Amino acid sequence: MDESSTGAVVPLAKAEMGTSSDAAAPSEAAGEPIDGGVSGSELEKELLCPICMQIIKDAFLTACGHSFCYMCIVTHLHNKNDCPCCGHYLTTNQLFPNLLLDKLLKKTSARQISKTASPVEQFRQALEQGCEVLVKELDMLLSLLAEKKRKLEQEKAERNMQILLDFLHCLRKQKADELNEIQNDLQYVKEDVNAVERHRIELYRARDRYSVKLRMLADDPSANKSRISSINKTSSGLISSSRNAFGGMASGNFQYKKLDGKAQVSSIGPQKKDGFTGLSSQHLSQSGLAVVRKKRVHAQFNDLQECYLQKRRQLVNQPCVPEERDTNVLHREGYSAGLSDFQSVLTTFTRYSRLRVIAELRHGDLFHSANIVSSIEFDRDDELFATAGVSRRIKVFDFSSVVNEPAEVHCPVLEMSTRSKLSCLSWNKFTKNHIASSDYEGIVTVWDVTTRQSVMEYEEHEKRAWSVDFSRMEPSMLVSGSDDCKVKVWCTKQEASVINIEMRANICCVKYNPGSSVHVAVGSADHHIHYYDLRNTSQPLHVFSGHRKTVSYVKFLSNNELASASTDSTLRLWDVKENLPVRTFRGHTNEKNFVGLTVTSEFIACGSETNEVFVYHKAIPKPVTWHRFSSPDLDDADEDAGSYFISAVCWKSDSPTVLAANSQGTIKVLVLAA
């Protein structure tokens, strides 16, 4: 009995080894009585308990010859004293263990398990059941297991080797690409070094020639007299031309330029006596400035390197085309377009290191405690600038008077009262005396600053209007955006809006493309910038995504470059022609307030909730410089200086001068300085 039970499992392991022996015979012999020509399914039916219809467990035989599970038949007899199969009278005293059936059931169960069990599991079960195994069979099994182990280890090693090889191939390709890129970059640098060296030699030679001419002029008394005479004529011309200034600014301009003219004349005097001393001191000051600029280069070397390589790679095969707007770079033959473009960036970026205050004024008055300035805008000729905010007044100041007349309180040239708090201003760049405003009641108003009266009032917006902008190409057209999720285009010749764009989120800013009368950029609370062609407003031309919070401002640096600000504390630069993101600027803090945004062709300025003004160069992601507003008049202990923030900024055209205002009502005139 033990041999037949052991022979049922171990030969399966041997068969798995692919060998045969006499030990297989008991298996076959043992299998015959069990199968007996009966199929497996029929045999399983015979082994079911008539009560629970499951394979019999702990088989017991009744006096009438039927087998049941012990627990099943005992439970039945507690309720009824008869056989469930034949109905004969039956008690628990007539139940006997069916040992033969139990063994048969165990063998059947072992066979069923062996069908699905692995050879290792079968061998383990056989050993647990006390099967006898020959030493020879164990040796064969161990040899097979050792061989199988070696095979698995080999396959595992091959897989690991393949992974390592794939990684090394990928790394080699990546490093080869990097090496190729570095070699190309190094070639660009070598070419540019040679080109710059050649041009520097030319400049040295030109300087020597100019020095010889200056010595000759210094030794010629008649030349000195004619030079002073020409300077006097130039100064008198400046004084007379200033009399034609705009409106009430004539006296201010006259005084400023007259003083400037005197300064120019007086500065020539010492040079007449000792021209070489003046040249020497100028050379020393220029040398000191060069050292400072070199320090700025080293401080921002990584960003400048990235800028250089980016421009050099993009413009590698393009010849240098001089641009009229860039008068600071001396274009010469042999310069690549990338080198020329980077030289322009390097020159403008290193030229400035700080913001210097040249004037300051207070926007607040005795009748309004709320002094937040929401918007500052220069007029068409940069002679006047207007401010507006929660004080419900538009104030127009004479820029020249603010800069040149030291006064504790600068009075505006004119004021215009409004019904509601103001959010935005926009001067008409064609009609000098027209300015548009948007307010918290959703009203868009066009004003005539000469008569101080409104020309048109548009009241279609249902909620607060955040932004308004005049078109540069079509001066009679303006666009506005509101919390009612609508963008409206107006014409000063009509009383109702001419175009209406409905969006899904609040509109925080709108801006016309300066080179087009039909393209408008819209910043929204949905974190996107929507760029529309007004000829088809069914869907935007493009949606610029990247900001993580509300887009609060959009401004155009050029026809193709758009800057945006968001309450995610970043500025972003976009290419609206190619529909691509260009750069992200970080450094300021802006999480909840409108802090202002203004741009020139090269620089971007914005406010910060740290009460600071930040200036960025469009090619460098880190700020060029920043200026913090101080709060000297905070006497009350309850006042918190940290609660103030910059609320509006505005460049003076393409000059280094910028106006900035904070939530305290302080307005500063700042200028970029070395």
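Checking the condition at pLDDT below 80 and either within 27 Å of S344 (Cα to Cα) or more than 54 Å from the chain's Cα centre (by Cα) (or both), which residue from A206, A195, A223 passes? Just a single option satisfies the conditions, and that option is A223. Out of the strands (runs of 3 or more DSSP E) lying entirely within the stretch 518-574, which hold 3 or more residues that are hydrophobic (A, V, I, L, M, F, W, C)? Those strands (runs of 3 or more DSSP E) span 519-524, 551-556, 561-566. Mind counting the residues in the stretch 590-617 that are basic (K, R) and either under 15 Å from S375 (Cα atoms) or open to solvent by less than 30 Å² (accessible area, probe 1.4 Å) (or both)? Counting residues in the stretch 590-617 that are basic (K, R) and either under 15 Å from S375 (Cα atoms) or open to solvent by less than 30 Å² (accessible area, probe 1.4 Å) (or both) gives 0.
Number of residues in the stretch 384-413 that are of a type outside the set (A, V, I, L, M) and open to solvent by less than 50 Å² (accessible area, probe 1.4 Å): the value is 13.
On the stretch given as the stretch 481-533, residues that are surrounded by fewer than 17 Cβ atoms within 10 Å (Cβ to Cβ), of a type in the set (G, A, S) and farther than 22 Å from L557 by Cβ total 2. Put simply, of C72, C86, C64 the only residue that is modelled with pLDDT of 85 or more, part of a helix (DSSP H, G or I) and out of contact with any strand residue (DSSP E or B) (no Cβ under 8 Å at 6 or more places or on another chain) is C72. For the criterion of being part of a loop (DSSP other than H, G, I, E, B), surrounded by 14 or more Cβ atoms within 10 Å (Cβ to Cβ) and either among the β-branched types (V, I, T) or modelled with pLDDT of 90 or more (or both), I34 fails.
Scanning the stretch 441-480 for residues that are open to solvent by less than 70 Å² (accessible area, probe 1.4 Å) and of a type in the set (S, T, Y) turns up T445, S454, Y458, S467, S471, S476, S480. Selection over the stretch 74-118 of residues that are surrounded by 14 or more Cβ atoms within 10 Å (Cβ to Cβ) and under 30 Å from E128 (Cβ atoms) gives a count of 12. Restricting attention to the stretch 589-599, the residues being over 18 Å from the mean Cα position of the chain (by Cα) and within 15 Å of I376 (Cα to Cα) number 5. Within the bounds of the stretch 434-446, is there any residue that is of a type in the set (A, V, I, L, M, F, W, C), assigned to a loop (DSSP other than H, G, I, E, B), over 33 Å from the mean Cα position of the chain (by Cα) and within 17 Å of R393 (Cβ to Cβ)? Yes.
Quick grid of which residues meet (1) open to solvent by 100 Å² or more (accessible area, probe 1.4 Å); (2) under 60 Å from the mean Cα position of the chain (by Cα):
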{"residue": "A126", "(1), (2)": "no, no"}
{"residue": "D139", "(1), (2)": "no, no"}
{"residue": "L144", "(1), (2)": "no, no"}
{"residue": "A157", "(1), (2)": "no, yes"}
{"residue": "I163", "(1), (2)": "yes, yes"}
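The values are calculated or read from the model by the stated rules, or taken from the named source; none is laboratory data. The structure displayed is predicted, hence computed values, not measured ones. Every residue, glycine as well, gets a Cβ built from its backbone with ideal geometry; the counts of neighbours run over all protein chains shown. The area values use the complete protein model at the heavy-atom level, side chains included, leaving out ligands, DNA and RNA. Shrake-Rupley method; radii C 1.70, N 1.55, O 1.52, S 1.80 Å.
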